[in-house]
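Visitor: Sharing a structure below in structure tokens format, with a few things to ask.
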Amino acid sequence: MDDASYCATTPVSAAEEADAGPPFAECVLCREPTEYPESAKGATLCPVCAWQEAGRSACSG
């Protein structure tokens, strides 16, 4: 097997990822796309910010 052909991949740009599905809401902290549609109510967080926020609230006593 040729390693060059196996490892050759085409990177997916952020614009192509954004076009992959319905319009997603922006994270209220970092403005990255979330897993929620734009029509979602409330403060939407991306998975990274949601994980960090959960850690902050769990440790605040």
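The values are calculated or read from the model by the stated rules, or taken from the named source; none is laboratory data. As the structure is a prediction and not an experimental result, all values here were calculated from the model. Quick note on the areas: whole protein, heavy atoms, side chains included, nothing else; ligands and nucleic acids left out. Shrake-Rupley method; radii C 1.70, N 1.55, O 1.52, S 1.80 Å.
Visitor: So how much slack lies between residue 31 and residue 59, counting 0.36 nm per residue of separation and subtracting their Cα-Cα distance, in nm? Don't jump to the answer; show the numbers that get you there.
Guide: Working: separation 28, 0.36 × 28 = 10.08 nm, distance 2.47 nm.
Gain in length upon complete extension: 7.6 nm.
Visitor: So, one more: For region 28-34, in order, what is each residue's ³J(HN,Hα) by Karplus, 6.51 cos²θ - 1.76 cosθ + 1.60 with θ = phi - 60°, in whole Hz (x at glycine and Pro)?
Guide: Coupling constants for region 28-34: 6, 9, 10, 6, 7, x, 9 Hz.
Visitor: How do 49, 30 rank by accessible surface area computed with a 1.4 Å probe, from largest to smallest?
Guide: Largest accessible area first, the list is 30, 49.
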